[in-house]
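Below: one structure, written as structure tokens.
The values are calculated or read from the model by the stated rules, or taken from the named source; none is laboratory data. Computed from a predicted model, the values in this text were never measured in an experiment. Positions of Cβ are generated from backbone atoms using ideal geometry, with glycine treated the same way; all protein chains shown enter the neighbour counts.
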Amino acid sequence: MRVVVTGCKGQVVTSLIERATDRAEIIPLGRPELDLKDPTSVSRALEIAKPDVIINAAAYTAVDKAEQEPDEAMRVNADGAGFVAVAAAALNASLIQLSTDYVFDGALSRPYVETDKTGPTGAYGRSKLEGEARVQMAQPDGVILRTAWVYSPFGANFVRTMLRLGETRDEVGVVADQLGNPTSAIDIADAVLTIAARLRSDSAQHLRGVFHMTGAGEANWADFAEAIFAIAERYGRKPVRVKRITTADYPTPAKRPPNSRLDCGKLARLYGVALPHWRRSLDACVSHLLSPP
């Protein structure tokens, strides 16, 4: 199975390369060969690559910066997703589009299901939601996977930031009034490869559309940080206290959803795919980062 992934350096593409083994040939494509803002480069690069499956993992992900650059976010996350979907349809390639919890406003008191009303509160979420619409319009046989709070041993993410801060600080203030599902990019990669293979072998329409895919279990950011520091202590790091603060104590340009929890029951029912509990996957991630070479 030839799997083309947009982007060359992100957490998901790096995890896919690590986890593919003999399940798939992973072909990462990024700029300048494939530029999501240039439809000609997208179609040309994908045509040359001859994919069985395309995973659109590249995105404008600077959530706060997007408030100052909404047009740029829309060009990459909406227009770009549409260009990839058009190319996928022309090549008869299966398409998996990665999306986000930010398509919701976070006002519900329960985990969101796929049919809940969307309502992004910031430029990033609006651009990703529009990307979903472009994909569904151009390639209705595609799969959209909404995930959240992604971390891994690779790239910039919350786990690596906490470990870095813990090297020089005895206490770190972390928001405790936002709920979500920490999700390992390694687990995302494993699940995406399973979903990709099923898409190639089964044309059933119920396997297409929007699905939620996050790690099992929930936490707030302070819970997440405390778990990171507890694991780090096992590897000889000094103790770090977590000071629980509110969203109001840590203002950001983009409003964060107070509730980012996603219900992943549909994915489990239709694909038999359920990601591991975030604490188990976090242990593996921190061990990867702190274990002696």
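Is it the case that residue 189 is in contact with an Asp or Glu (Cβ under 8 Å, 6 or more places away or on another chain) and in a helix (DSSP H, G or I)? The answer is yes for residue 189. When the residues of the stretch 275-284 are filtered to those that are out of contact with any strand residue (DSSP E or B) (no Cβ under 6 Å at 6 or more places or on another chain), in contact (Cβ under 8 Å) with a residue 60 or more places away in the chain and not in a loop (DSSP other than H, G, I, E, B), the one that is surrounded by the fewest Cβ atoms within 10 Å (Cβ to Cβ) is 284. Taking the criterion of being surrounded by 18 or more Cβ atoms within 10 Å (Cβ to Cβ) and either without any contact (Cβ under 8 Å) to a residue 40 or more places away in the chain or touching an Asp or Glu at 6+ places or on another chain (Cβ under 6 Å) (or both), the only residue of the stretch 147-162 that qualifies is 148. Filtering the stretch 133-145 to residues that are over 10 Å from residue 100 (Cα atoms) and either buried (at least 20 other Cβ atoms within 10 Å of the Cβ) or of a type in the set (Val, Ile, Thr) (or both) leaves 134, 135, 139, 142, 143. Counting the residues of the stretch 163-176 that are assigned to a loop (DSSP other than H, G, I, E, B) and surrounded by fewer than 16 Cβ atoms within 10 Å (Cβ to Cβ) gives 2. The residue that is modelled with the highest pLDDT, counting only those in the stretch 215-252 that are of a type in the set (Phe, Trp, Tyr) and under 12 Å from residue 173 (Cβ atoms), is 221.
Let's see how each residue does on (1) assigned to a strand (DSSP E or B); (2) surrounded by 16 or more Cβ atoms within 10 Å (Cβ to Cβ); (3) touching a His at 6+ places or on another chain (Cβ under 6 Å); (4) touching a residue at least 12 places away in the same chain (Cβ under 8 Å):
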{"position": "194", "(1), (2), (3), (4)": "no, no, no, yes"}
{"position": "200", "(1), (2), (3), (4)": "no, no, no, yes"}
{"position": "211", "(1), (2), (3), (4)": "yes, yes, no, yes"}
{"position": "232", "(1), (2), (3), (4)": "no, yes, no, yes"}
{"position": "237", "(1), (2), (3), (4)": "no, yes, no, yes"}
{"position": "243", "(1), (2), (3), (4)": "yes, no, no, yes"}
{"position": "255", "(1), (2), (3), (4)": "no, yes, no, yes"}
{"position": "266", "(1), (2), (3), (4)": "no, yes, no, yes"}
{"position": "273", "(1), (2), (3), (4)": "no, yes, no, yes"}
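Would the stretch 188-198 turn up any residue that is of a type outside the set (Gly, Ala, Ser) and over 17 Å from the mean Cα position of the chain (by Cα)? Within the stretch 188-198 (the criterion being of a type outside the set (Gly, Ala, Ser) and over 17 Å from the mean Cα position of the chain (by Cα)), the answer is yes, since at least one residue qualifies.
Residue 21 meets the conditions (1) crowded, with 21+ Cβ neighbours inside 10 Å; (2) hydroxyl-bearing (Ser, Thr, Tyr); (3) over 17 Å from the mean Cα position of the chain (by Cα) in every case but one. The failed one is (1). Of (1) among the aliphatic types (A, V, I, L, M); (2) crowded, with 21+ Cβ neighbours inside 10 Å; (3) closer than 29 Å to residue 133 by Cα; (4) in contact with a helix residue (DSSP H, G or I) (Cβ under 8 Å, 6 or more places away or on another chain), residue 219 satisfies all except one. Which? Of everything listed in (1) among the aliphatic types (A, V, I, L, M); (2) crowded, with 21+ Cβ neighbours inside 10 Å; (3) closer than 29 Å to residue 133 by Cα; (4) in contact with a helix residue (DSSP H, G or I) (Cβ under 8 Å, 6 or more places away or on another chain), residue 219 misses just condition (3).
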